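Engineer: Quick one: structure below, then a few questions.
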Amino acid sequence: MAPSPAPAMQFGVFTVGDVTTDPTTGTTPGEARRISDTVAIARKAEEVGLDVFATGEHHNPPFVPSSPTTLLGHIAALTERIVLSTATTLITTNDPVKIAEDFSVLQHLSGGRADLMLGRGNTGPVYPWFGQDIRQAMPLTVENYGLLRRLWREEVVDWEGTFRSPLQGFTLAPRPLDDVPPFVWHASIRTPAVAELAAHFGDGFFANHIFWPASHTRRLVELYRQRFEHYGHGSARQAVVGLGGQVFMRRNSQDAVNEFRPYFDNAPVYGHGPSLEDFSALTPLTVGSPAQVVERTLGFREYAGDYQRQLFLIDHAGLPLKTVLEQLDLLGEEVVPVLREEFAVGRPADVPPAPTHALLRERSTPGAGAAAGPDSDAKD
Amino acid sequence: MTNLVTISGGLRRPSSTRLLADRLEAAVRAELESGGVAVESAVLELRPLGHDIMDAMLAGFPSEPLEEAFARLGEADAVIAVTPAFNASFSGLFKSFFDVLPEETLSDMPVLIAATGGTERHSLVLEHALRPMFSHLHAIVSPRGVYAATEDFGTASAGSALGDRVTAAAFDFARLVTSCGQRVRRDTDDEELAGMRALLGS
């Protein structure tokens, strides 16, 4: 079966964009190489039938993706079908006007294949580098996002806030493609406030699902679903949920463990901490055969409900490009086709499919049925 | 009902830190019970959580046993905290536990501080290390702490004997705990959510 243009569930990969020494060879890719590898990974993701490629945003070494829409614009020109997203776009330190402009242009260039995931960012010094204060992260998020929504939805914006200069008679150019703003996800590793924000606006909620135990993800997603219903955007199970995940596969599961262990042990963030076995038990990390990855991933539904987007982290910690491309082959051939089939079983008919530009355009056309929400609350 | 949790940072077995912790726990419980207060008491040993504490520091999230320890501490009405003195301060394990403890777990918590050491020359560790840390964590630190040197376990001189110091500290602490009453638990997640709802005007 050919992949349908609007799958019920999207599967893809997200990259942190770290430049890390391969602990097995001692070689470190240059920045140019890491960037070209990232492009190769995105193209391969489309080739093997994945639905989404997403890039992180970082403003310090050892990371390369400081300008996500430049990277995604380039990838858009080299691909035809895959949705391009971010994981995450910093709503706190980026000027919301620039976010609106960048993603508007990306939408036009990619033919509506762009959406974005907003996050606050937890690297302290990034805030002062961009003239902000991490202690104000929450009010910054709410103010900046409120402005971003208005820029995409109102022709002429008069606006005044606390953190940026006022706008008088500002019109975003270009307007969003077909006057449909890109779909917004709000991403959280730990904080429930982000789930509340996503629920308030009826936006998507993406749980990082890499750094914290599944029990934590369950609480966040439950909160988001309850509050989504509370704010009147639909029933709890109609809320739009995305999950991260982290996998490493070989046909023989012991080979996967042996090969991945040095990368795990030396990985940025959690390396030299818990053992691979402990971390695999505590968090959704799955190192093993494709069948094990399928089984574990299908289990996510037990605590997150029927959801819309599943992204895997596969290219960090110094893993060489060749290995990453092999992971993509396994995902495309043995994992995602089974997941598509199995996740469709028992999925209630009123659970919405993954949001795409085509779907949102259809919904925004008057009389086209259940709308995503009239956004009457955007004024605040 | 008063929920008392005693934290012992002792490393060896038998441990003089645990010995002091047990004596303090018994004395505080006796004082509270003689005042008509029912006491539920538990001891939290840090040694079995050593790897979990370091993993939490490196990985950024707690294991299940550590999360259970945090929950027990969060539900306490009163805490006795005892550490060995290492290099003129608390032990690294003791400090690390509080470094990974979720914020506000000890805010407004009556805490009795105590320490053990090889000689009495380190007794001010209570005042220059433990008290400032617990003040920083917004605990209500009982005025009288207890320091026990190795020698104290073999001395019986009246007035300054360890048993008398334990009794005096327990008496003070029981008064403090009784007047503080049941502690109102703080949930930072709920506070954060309330903050977000206020910002959203919802």
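Laboratory data are not the source of any read-out in this text; all were calculated from the coordinates shown. Nothing here was measured: the structure is a model prediction, and the numbers come from that model. Note: ideal-geometry Cβ built from the backbone for every residue, glycine included; neighbour counts use all protein chains shown.
Engineer: Name the residue from A:Gly305, A:Ala77, A:Gly271 whose Cα lies farthest towards the positive end of the charge dipole of the stretch A:10-379, charges +1 on Cβ of Lys and Arg and -1 on Cβ of Asp and Glu.
Structural biologist: Working it through, the farthest residue towards the positive pole turns out to be A:Gly305.
Engineer: How shielded is A:191-199 by partner chains, expressed as the average number of their Cβ atoms within 10 Å of its Cβ atoms?
Structural biologist: Mean partner-chain Cβ count within 10 Å for A:191-199: 4.
Engineer: Rounded to two decimals, what is Rg over Rh for the stretch A:168-234 when you use alpha-carbon atoms and the Kirkwood radius?
Structural biologist: Working: Rg = 14.9 Å, Rh = 13.3 Å.
So for the stretch A:168-234, dividing Rg by the Kirkwood Rh gives 1.12.
Engineer: Now for a separate question. Over the Cα atoms of the stretch B:1-111, each weighted equally, I'd like the Debye log10 I(q)/I(0) at q = 0.11, 0.15, 0.19, 0.20 Å⁻¹, rounded to two decimals.
Structural biologist: Log10 I(q)/I(0), no solvent term: -0.35, -0.65, -1.01, -1.10.
Engineer: Can you compute the label reach from B:His51? Point 7 Å from Cα along the Cβ direction, backbone N cut-off under 18 Å, restricted to the stretch A:278-295.
Structural biologist: The answer is A:278-283, whose backbone nitrogens lie closer than 18 Å to the label point.
Engineer: Could you derive backbone 3J(HN,Hα) for the stretch B:49-58 from the dihedral phi with the Karplus parameters 6.51, -1.76 and 1.60 (θ = phi - 60°), listing whole Hz in sequence and x where the residue is Gly or Pro?
Structural biologist: Couplings: 9, x, 5, 4, 5, 5, 4, 5, 5, 7 Hz.
Engineer: Can you compute the equivalent ellipsoid semi-axes for the stretch A:89-138, i.e. the square root of 5 times each eigenvalue of the Cα gyration tensor, sorted largest first and rounded to whole Å?
Structural biologist: 25, 10, 7
Engineer: I need the peptides B:117-127, B:69-79 ranked by packing, meaning the mean over residues of other C-beta atoms within 10 angstrom, with the highest value on top.
Structural biologist: Packing order, densest peptide first, comes out as B:69-79, B:117-127.
Engineer: Sticking with this one: Would you mind putting B:47-59, A:121-133 in packing order, based on average other-beta-carbon counts within 10 Å, highest first?
Structural biologist: Highest mean packing first, the order is B:47-59, A:121-133.
Engineer: Still on this model: Classify the stretch A:1-85 as rounded, prolate or oblate from the Cα gyration tensor: take a ≥ b ≥ c as the square roots of its eigenvalues, call it rounded if a/c is under 1.5, otherwise prolate when a/b beats b/c and oblate if not.
Structural biologist: Prolate, because a/c is 1.5 or more and a/b exceeds b/c.
Engineer: Report, in deg cm²/dmol and to the nearest 500, the calculated mean residue ellipticity at 222 nm for chain A, where each DSSP H run with n ≥ 4 adds -39500 (n - 2.57) and the sum is divided by the residue count.
Structural biologist: Numbers: 13 runs with 153 residues, N = 380.
It comes out at -12500 deg cm²/dmol, rounded to the nearest 500.
Engineer: Pull out a ≥ b ≥ c, the square roots of the eigenvalues of the alpha-carbon gyration tensor of the stretch B:74-154, then state rounded if a/c is under 1.5, prolate if not and a/b is larger than b/c, and oblate in the remaining case.
Structural biologist: prolate
Engineer: Averaged across the residues of A:205-217, what count of C-beta atoms belonging to other chains lies within 10 Å of each residue's C-beta? Please list the in-between numbers first.
Structural biologist: Details: counts 0, 0, 0, 0, 0, 0, 3, 4, 5, 0, 2, 3, 0.
Mean partner shielding for this stretch: 1.
Engineer: Specify which residue in the list B:Val79, B:Leu126, B:Leu162 is farthest towards the positive end of the charge dipole of the stretch B:2-200, using unit charges on the beta carbon of Lys, Arg (+1) and Asp, Glu (-1), about the Cα centre.
Structural biologist: Result: B:Leu162, furthest along the dipole toward the positive end.
Engineer: If you don't mind, there's one more thing I want to ask. Place a +1 charge on the Cβ of each Lys and Arg in the protein assembly as shown and a -1 charge on the Cβ of each Asp and Glu, then give the dipole magnitude about the Cα centre in debye, rounded to the nearest 20. Spell out each step's value before the answer.
Structural biologist: On the way: 49 positive and 73 negative charges, 65 e Å.
Dipole size: approximately 320 debye.
Engineer: Can you list the residues, at least 5 places off or on another chain, whose amide H is less than 5 Å from the amide H of A:His58, using H built in the peptide plane?
Structural biologist: Correct list: A:Ser66.
Engineer: Applying the Karplus parametrisation 6.51 cos²θ - 1.76 cosθ + 1.60 with θ = phi - 60° to the phi angles of the stretch A:131-140, what ³J(HN,Hα) value in whole Hz is obtained for each residue in order, glycine and proline being reported as x?
Structural biologist: The phi angles translate into x, 10, 10, 4, 5, 9, 4, 6, x, 4 Hz.
Engineer: Report the residues of the stretch B:82-102 in range of a label on B:His128: point 7 Å along Cα→C-beta, backbone N strictly under 16 Å from it.
Structural biologist: Only B:85-91 fall inside the zone, counting backbone N under 16 Å.
Engineer: Let me ask another. At a 10 angstrom cut-off on C-beta neighbours, averaged per residue, how do the peptides B:175-186, A:297-308 rank from highest to lowest?
Structural biologist: Answer by packing, highest mean first, reads A:297-308, B:175-186.
Engineer: ³J(HN,Hα) across the stretch A:270-285 via Karplus (A = 6.51, B = -1.76, C = 1.60, θ = phi - 60°), whole Hz, x for Gly/Pro?
Structural biologist: 10, x, 6, x, x, 5, 3, 5, 5, 5, 5, 6, 7, 10, x, 3
Engineer: A further question on this structure: To the nearest 20 Debye, how big is the dipole of the stretch B:129-179 about its Cα centre, given +1 on the beta carbon of each Lys and Arg and -1 on that of each Asp and Glu?
Structural biologist: 220
Engineer: With the Cα gyration tensor of the stretch A:1-148 giving a ≥ b ≥ c as the square roots of its eigenvalues, does the rule (a/c under 1.5 for rounded; else a/b larger than b/c for prolate; else oblate) give rounded, prolate or oblate? Let's see the in-between values first.
Structural biologist: Working: a/c = 2.10, a/b = 1.19, b/c = 1.77.
Oblate is the answer for the stretch A:1-148, as a/c is 1.5 or above yet b/c matches or exceeds a/b.
Engineer: In addition: Quantify how strongly other chains surround peptide B:56-62 by giving the mean number of their Cβ atoms within 10 Å of each of its Cβ atoms.
Structural biologist: Taking the mean over all residues of the peptide, I get 6.
Engineer: Looking at the protein assembly as shown from every direction and averaging, what is the projected area of its Cα convex hull in nm²? Let's see the in-between values first.
Structural biologist: Working: hull surface 119.4 nm².
Taking a quarter of the hull surface, the average projection is 29.9 nm².
Engineer: Say each of B:Glu64 and B:Asp108 gets a label point 7 Å from the Cα, pointing the same way as Cα to Cβ; how far apart are those two points in nm?
Structural biologist: My value for the distance between the label points is 3.2 nm.
Engineer: In addition: Scan around B:Ser91 for amide H atoms under 5 Å from its own, H built in the peptide plane at 1.01 Å from N, and keep only partners 5 or more places away or cross-chain.
Structural biologist: B:Phe86
Engineer: Turning to a different aspect of this structure: Once chain B is represented by equal point scatterers at the alpha-carbon sites, with solvent omitted, what log10 I(q)/I(0) does the Debye formula produce at q = 0.14, 0.15 Å⁻¹?
Structural biologist: At q = 0.14, 0.15 Å⁻¹ the computed log10 ratios are -0.80, -0.91.
Engineer: Tell me which residues come under 5 Å, amide H to amide H, from A:Val83 once H is placed; ignore anything under 5 positions away on its chain.
Structural biologist: For A:Val83, the qualifying residues are A:Val52, A:Phe53.
Engineer: So what's the projected area for the stretch A:222-380, the Cα convex hull averaged over all directions, in nm²? Before the final figure, lay out each step's value.
Structural biologist: Working: hull surface 47.9 nm².
Dividing the Cα hull surface by four gives the mean projection, 12.0 nm².
Engineer: State the answer as a single residue: which of B:Val39, B:Ala21, B:Ala148 lies farthest towards the positive end of the charge dipole of the stretch B:2-200, with beta carbon charges of +1 for Lys and Arg and -1 for Asp and Glu, about the Cα centre.
Structural biologist: Of the listed residues, the answer is B:Ala148.
Engineer: Continuing with this model, one more query. Run through all the Cα pairs of the stretch A:38-105 and give the fraction in each 10 Å bin from 0, expressed as whole percent.
Structural biologist: Using 10 Å bins, I get a P(r) of 20, 52, 25, 3 for the stretch A:38-105.
Engineer: Additional query: How large is the dipole of the stretch A:111-163 about the Cα centre if only Lys and Arg carry +1 and Asp and Glu carry -1, each at its Cβ, rounded to the nearest 20 debye?
Structural biologist: Details: 6 positive and 7 negative charges, 55 e Å.
I would put it at about 260 debye.
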